[in-house]
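Please treat every number below as a calculation from the coordinates, not as lab data. Keep in mind it's a predicted model, so treat the numbers as computed, not measured. Heads up, the Cβs are rebuilt from the backbone with ideal geometry, glycines too, and the neighbour counts pull from every protein chain shown.
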Amino acid sequence: MSLTFLFRLLVFLFLITPAAMLGTRYGPELADYLAGARGSTIGDTRIASRSIVYRIDGRGPVDFTFSQPVDLVKVIAQPAVQPDLHDVAGGVVYGFRVDLLDAEGQVIQQHDIYLHADSPDKTYASGTRWRFFRNRPELIAAQDEVLVASVPRAASARFSALPSDDGVVGADLRVYEQRPFLGQQAIDAFRRRSTAEQADLAAANAFPPDMLTVEEMNHIGRNQWRPVGPSGIAGRDYLALVLYEGSKPSQDVERESEPRHEGAK
Amino acid sequence: MIGRKHAFVLVLLMALAAGLAALLLPPLRDAGKVVRHDANGMAAARALFDAALADPQSQDLGGLAAPAGFAALPQKDEWQGVLLQEPADICVGRGAYLLRAGDALMPLAITAPHRGADRHTGTLAAQFFLEGNVVAAGWNSAPRHDHDLCGNAIDLARQDQHPFTGFALSFAARYPAGRVVQLHGFDGGSRAHVVAGDAAAIISNGTNDPSEAVLDLADCLTTLFAPRPALLYPYETQELGGTQNAQGRAMRAAGFAGFVHIELAADIRARLVQDAELRARFGQCLAGGLQ
């Protein structure tokens with residue numbers, strides 16, 4: 001037995017030992033991970049919620065008019081990609097333009113927003129929830145949230161598509177405006193919620209809902225959003241799609257008692 | 001664009017529909033003593049509905065209607081078929097049923113077990129029947145709750161042995177691939193969770209396992225009422241799923257999977273009654289997937 005062989009054997013054992021330990025410890029989880037990811041985004045799922053999204057693509061801009069002028073617009077966006085991109089390395093980059101308009105229809109501000117999203121498979125494998133269409137072939141990559149500030153306040157917003165990576169069919173958006181709660185209204189809005197909803201809203205707070213101060217209730221109450229629908233006629237002026245959100249069965253037990261609210265979307 | 005002529009015809013049709021609905025829906029204060037039905041009454045009702053669904057213009061319906069406590073009133077003008085209701089001035093809560101004759105009918109029954117208490121639901125059922133080509137419609141003829149004008153009350157959605165349940169079972173037997181829709185109304189302000197209180201509608205098939213057809217219907221109504229949510233029971237709300245609904249349970253026990261329970265918010269009901277176009281789109285959602 002040569003010294004070189006002995007040295008190689010030692011290095012081999014040095015490497016194989018932690019690999020075997022890791023394999024024993026994480027093997028089943030990795031198998032589940034890979035099996036789940038291979039099943040794409042529509043596996044054995046439990047529907048957690050549904051929401052309507054509006055497709056921004058080459059068909060032209062889509063306008064959203066607010067119930068009153070707003071200084072902040074929330075956009076939840078995810079790219080819809082062709083099925084063959086389910087495991088695209090590095091994810092995809094997609095973009096959309098936001099024109100904020102005043103009551104006269106004049107552009108106040110213009111923002112070109114580009115976002116990066118992980119591939120559908122990576123999103124599925126790494127998260128507890130994922131999104132899919134029931135009757136459409138497109139897959140949904142990772143979701144993002146964008147807050148757009150407007151000074152002065154905007155009466156409406158116009159969304160249009162920007163050049164995106166190949167295989168990106170469009171950007172699917174939900175647009176929200178803040179509920180117009182002020183002062184006591186915001187506190188009442190919080191108190192009107194059920195105990196479970198209050199606990200959900202106050203989850204980020206160190207103390208339970210019954211220990212919140214009036215100021216904290218006011219802040220939580222004001223941070224409520226409601227969805228805004230587009231102007232025009234569905235099918236002609238915009239494409240509305242129902243997006244499903246699924247949860248992995250193992251997540252159901254702990255989420256069963258959790259209420260949902262618009263602020264958590 | 002709708003031309004002047006089309007607009008006139010549309011208004012005329014709406015007026016006709018409203019008038020017919022008023023004729024078909026007598027005031028609940030006219031309701032008399034409620035009769036609790038038994039198996040014999042149920043069998044008589046089933047025999048009547050089976051025959052009426054097979055041939056709504058049959059001359060034999062009069063003979064079958066009397067033992068079941070109904071009068072069969074042939075309809076030949078605005079729609080062809082038969083109206084089964086209790087004889088005049090003998091309203092005892094058996095309900096009222098419309099069955100249409102003709103070809104290429106939509107295998108759909110629109111029902112409203114709580115008209116009066118769930119405001120506009122009876123009117124909506126009548127409008128959907130009159131404006132669409134659906135097979136049947138039905139609703140309560142006595143109020144759900146006691147009140148000063150009428151001391152008799154019955155909750156049809158909880159009656160296992162009742163003509164309303166017999167009607168649903170006969171429809172299910174005649175149209176096994178059809179759909180029985182129950183329209184209900186809810187008060188958003190009294191819901192336990194805000195998410196349900198803010199909803200335009202809550203859709204269910206009366207079970208904790210919604211079928212693909214119910215998912216399709218929920219998606220259609222979600223698009224229709226956007227941005228107000230149309231919630232799917234039990235995934236998006238755990239309220240108002242109609243899991244104890246007597247007709248739903250009876251039809252499921254008979255192997256029928258086409259029961260749909262729809263709760264509508266008050267403002268949505270009012271809009272549907274007033275807006276013919278919205279109503280037409282709602283009707284398209286209800287009929288989606290039916291042959």
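Worth a mention:
- Near B:Ala112, the amide H atoms lying under 5 Å from its own belong to B:Gly138, B:Trp139, B:Asn140, B:Leu183; only residues 5 or more places off or on other chains count, and H is placed 1.01 Å from N.
- Global geometry of the stretch B:167-232, whether rounded, prolate or oblate, following the gyration tensor of its Cα atoms and the 1.5 cut on a/c: prolate
- Cα gyration tensor shape of the stretch A:180-223, rounded if a/c is under 1.5, else prolate or oblate by comparing a/b with b/c: prolate
- Ranking A:Ala186, A:Ala203, A:Ile220 by Cα position along the charge dipole of the stretch A:180-223, where only Lys, Arg, Asp and Glu carry charges on their C-beta atoms, puts A:Ala186 farthest toward the positive end.
- Shielding by partners - mean other protein chain Cβ count within 10 Å, residues of B:215-224: 4
- Local electrostatic count, A:Asn218, Cβ distance below 15 Å [Lys/Arg +1, Asp/Glu -1]: +2
- Other protein chain Cβ atoms within 10 Å, averaged over every residue that makes up A:192-198: 3
- Per-residue Cβ neighbour counts within 10 Å put B:Asp198, A:Asp121 in the sequence B:Asp198, A:Asp121, beginning with the fewest.
- When each of the peptides B:235-245, A:86-96 is scored by the mean number of other C-beta atoms lying within 10 Å of its residues, the order from highest to lowest reads B:235-245, A:86-96.
- On the beta carbon distance between A:Tyr114 and A:Leu15, with R0 = 60 Å, the FRET formula returns roughly 0.90.
- Net charge of Cβ neighbours under 12 Å - reference A:Thr123; Lys, Arg +1; Asp, Glu -1: -2
- Sequence-distant residues sharing a close amide H with B:Ala71 (under 5 Å, placed H): B:Gln85, B:Glu86
- Computed over the stretch B:96-136, relative contact order equals 53 percent, with contacts defined as Cα pairs under 8 Å that lie 6+ residues apart.
- The order of A:Arg46, B:Arg179, B:Arg252, B:Arg279, going from fewest to most other C-beta atoms within 10 Å of their C-beta, is A:Arg46, B:Arg252, B:Arg279, B:Arg179.
- Under the simplified labelling scheme, the B:Leu278-A:Asn223 pair shows an inter-label distance of 3.4 nm, with each label point 7 Å from Cα along Cα→Cβ.
- Each residue of the stretch A:219-232 was assigned a 3J(HN,Hα) from its phi angle through the Karplus curve 6.51 cos²θ - 1.76 cosθ + 1.60 (θ = phi - 60°); the sequence is 5, 5, x, 6, 8, 10, 10, 10, x, 10, x, x, 7, x Hz, with glycine and proline shown as x.
- Shape category assigned to the stretch B:172-291 from the gyration tensor of Cα positions, a/c cut at 1.5: oblate
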